[in-house]
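One structure below.
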Amino acid sequence: MLRLRLAVLAAFSLCSLLPATAKPAKPRHPAPVAAAASAPHNIVIFVADGLRYDSVTPDVAPTLYRIKKEGVDFTNTHAMYPTVTTANASAIASGHYLGDTGDYANTLLFDRPIVCKMNVIVTFLEDDCVLREVKAAFGDGYMGQQTLLMAARAAGYNVAVLGKKGPAAIQNLPALDAKNARVDDPLGVMIDDAINRPNNFDGTPTQGPTLHGMLNAEAFSATGDDRPALTSAPNLAQQGWLTSVAAQALIPDLKDNGKPFVILVWSRDPDATQHSAIDSEGNIVPGINSPTAQTAIANADFQLAAILRALKTNGLADSTDVFVTADHGFSTIAKGIPDGSGMTPPAAMPPGFVALDVADWLGMPIFDIDRANTPLVREDGDRPAGGNAIIGRTADKPAAIVAANGGSDFIYARGDDPEGVAVKIYAGLVKAPYVGSLFVNDALLKGHEKDFPGALPMSAVNLIGSSTVPQPSIVVGFRSFLAKECKLAPLLCAVEIADTGLHTGQGMHGSFSRADTRNFMAAIGPDFKKRFADPAPVSNADIAPTVAHILGITLSGPGTLTGRPATEALAGGKPVPFTAKVLAASPGPAGVRTILEYQEADGRRYFDAAGIPGRIVGLKAK
């Protein structure tokens, strides 16, 4: 393990945390007048994308481990469902559940062409240009809430976001247009991995942020480049650039400016590496518990350690609260359903397996959305490249549309008879062995429960709210199970069926298993209890209300599906009572039904796991 840590340290030397002696000294702003003792505290929110609770150990992630031991260890954490990145980013940003934010999943149908992505109607949200278009199209119907960072800036705090494009921008969309690139910019500072990069890897425009002026000069002085490297596995070079900018330019500037601040840093690792690592390709053991994935966890830990070191160097450590979270958990991918002995067959489920089945159930052609609606030639083994597809007589008159989201898929019924289409699709899904959980849109389900036996309403998991973004008709979560030969903590051994172009042995999330809803979360600082293990349920929707409570600011915006301030974790806070509950659908064919196991605290639901008994990791129901 020492060799692993040394490898990470060596990699970061490419983007050193200390400026080279040959570089000119950076001009600094004048030192401010000393702050009063009662000055508001600063906040750092660090998101380690895809970090599993049980994967944080003292040898691989000593900084993260120390925070949970010396500060608050949130022992009962929850991601939003679907357990994907932009959805949880919207909850972290706003304190609202997905029915209000409209960010239901990473890949959505918008019922209008997205110009940034060559006029597709279904696309991936982790893109600054796409986010701009979606926000312009739906207004307050998408992320209409005042986010934590927006509210903090309005209250006089300096705010900054660094990290992964997409979820970073969601925290403060207006900051994509910041012009002065100063820490006191009226819109805040936005530095994602599309910074100063006009085009994405596929040639489409990023419309990402740009740096100008002093902060740009300081970033170049710290790193020798005006933009980060592209994503890799482990993602050392890109995160090294962002870490250097944060530690050597941003934090010193915030100190010199003198105002209290809120920073959010979104680390791509371990998510990027757990998706892409190939050292277990074809095998579900070790899967995402491989050495490369452990290096990715160490990478995120190193980034956080460097930020904490910069706070201490600048005399800010004692006045800064640090809240660490992960957007979701993670599982290893399987492309086959386990047999009675727990063994999995060879890969048999290509990308788009749901769309292909839907086409068969409806008896209609299928068109690949990600290849300009090219009709698939089934007899040639043609498959949807990204799992997304239109099913209908023609591509411009769809009967159904499928948006693939890894461990879950969204199905939209369209055409002249959407209810009839949904009923036919559901009749196939309820018999499909890869299905783990089934949710049906309330508008379809109400009064027609007999047509969707075994399903729960989408509102049960807060997917129906104030948003005007088109809602799916059916949400299908995929089956998960434990790898038979894995000897680690149970949730580290989770495997899930996934609609993805990635392979068996690589990583995915998005399902309703406890392995995917269980994220890492911890906090430390002057406003938090010390050495406190919080037993109460908390979720990503509770972060913004908790920080807003600390800062004394109010969050506003449409919708009522909100999290709560986790006051039990704050100094002097009292315990919060909570109860475990179960919601079960009426039985469907062969007794198949979705069961939701959740906890309730202060009127909020915290989703543990949901699905068909025997098909979902962490579901207790038999």
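Helical content alone sets the calculated 222 nm signal of the chain at -7000 deg cm²/dmol, taking -39,500 (n - 2.57) per DSSP H segment of four or more residues and averaging over every residue. Please work out the ratio of the alpha-carbon Rg of the stretch 211-270 to 2.2 N^0.38 Å and round it to two decimals. Compared with the compact-globule rule of thumb, the stretch 211-270 sits at 1.18. Computed from Cα positions, the angle between helix 236-245 and the longest principal axis of the chain comes to roughly 40 degrees. Of all lysines in the structure, those lying under 29 Å Cα to Cα from LYS179, and not within fewer than 8 positions of it along the same chain, are LYS23, LYS26, LYS117, LYS135, LYS164, LYS165, LYS255, LYS259. Taking the Cα centre of the chain as reference, the dipole from Cβ charges on Lys and Arg (+1) and Asp and Glu (-1) amounts to some 1160 debye.
Between LYS487 and THR394, the distance separating the two model label sites (each 7 Å from Cα on the Cα→Cβ line) works out to 6.2 nm.
Among the listed pairs LYS529/LYS620; LYS424/LYS450; LYS574/LYS620; LYS446/LYS620, a Cα-Cα separation exceeding 21 Å is found for LYS529/LYS620; LYS574/LYS620; LYS446/LYS620. Projected area of the stretch 188-327, taken from the Cα convex hull and averaged over every viewing direction, in nm²? Averaged projected hull area, Cα only: 9.7 nm². Taking all C-alpha pairs of the stretch 494-539, those more than 15 Å from each other amount to 60 percent. For the chain, relative contact order (Cα pairs under 8 Å, six or more residues apart, normalised by length) works out to 22 percent. Once divided by 2.2 N^0.38 Å, the Cα radius of gyration of the stretch 290-427 becomes 1.58.
If both residues of a DSSP beta bridge must be in the chain, then about 65% of such bridges are antiparallel. For ASP442, project a label point 7 Å along Cα to C-beta. Then give me every residue of the stretch 526-567 with its amide nitrogen under 20 Å of that point. Backbone N within reach: 541, 557-564.
Computed from Cα atoms, the angle from the helix 418-429 axis to the main principal axis of the chain rounds to 90 degrees. Note on the chain: the alpha carbon radius of gyration divided by the globular reference 2.2 N^0.38 Å gives 0.92. Taking one quarter of the surface of the C-alpha convex hull of the stretch 532-622 gives a mean projected area of 7.8 nm².
With the cut-off at 1.5 for a/c, could you classify the stretch 416-548 from its C-alpha gyration tensor as rounded, prolate or oblate? Cα axes put the stretch 416-548 in the oblate bin.
Roughly how tilted is helix 291-313, in degrees to the nearest 10 and between 0 and 90, from the longest Cα axis of the chain? Roughly 30 degrees, rounded to the nearest 10. Listed values for the stretch 212-229 are Karplus-derived 3J(HN,Hα) couplings in whole Hz (6.51 cos²θ - 1.76 cosθ + 1.60, θ = phi - 60°), namely 9, x, 4, 5, 5, 5, 5, 5, 5, 4, 6, 10, x, 8, 9, 7, x, 5, and x replaces Gly and Pro.
Read-outs: derived from the displayed coordinates by stated rules, not from any lab. Quick caveat: nothing in here was measured; it's all calculated off a predicted structure. No Cβ is skipped: glycine too gets one built from the backbone with ideal geometry, and neighbour counts run over all protein chains shown.
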